[in-house]
């Protein structure tokens, strides 16, 4: 599982590095000025601080949906999961790039740091998917009757993903929102 986890991190990291590098290369004054204008007009989009349990629920449902889709991507021989991980890395790079226009590095760190806990959950869901994809590939290419996927193994790590994402949503909702 360690190698599969590392593969998940690498795919996510490639999406992050390629996107962030590309944004800094192609960024121009018009793009940055338009973003500043949009950001200043949409300050009212910040969630209601009094409804934190609802925010917790939305964060958790969003994160668990992505993680479960990544796990189920194993049934596509993990092709779908590769896309999810890569584009999730791209999403963070885009967030950091545009946040750097209006926020200090310290503010970006305080705002985004709690999200790194959820990335462990996403990387683990990617590793689970790669395990499923590897086992399905063995089934499809085996000349003997290889039909064994260790579902207890998959469920154990899936429960761990759910636990990580619950903790992550709790921290994002009740702890990190006080620093923003």
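Points worth noting:
- Filtering 167, 108 for residues that are in contact (Cβ under 8 Å) with a residue 24 or more places away in the chain and more than 22 Å from residue 7 (Cβ to Cβ) leaves a single hit, 167.
- Qualifying residue in the range 115-130 (condition: at pLDDT 85 or above and over 19 Å from residue 10 (Cα atoms)): no
- Per the conditions (1) crowded, with 17+ Cβ neighbours inside 10 Å; (2) in contact with a helix residue (DSSP H, G or I) (Cβ under 6 Å, 6 or more places away or on another chain); (3) within 17 Å of residue 73 (Cβ to Cβ), the sole criterion not satisfied by residue 149 is (1).
The values are calculated or read from the model by the stated rules, or taken from the named source; none is laboratory data. Keep in mind it's a predicted model, so treat the numbers as computed, not measured. All Cβ positions, glycine included, derive from the backbone under ideal geometry; neighbour counts span all protein chains shown.
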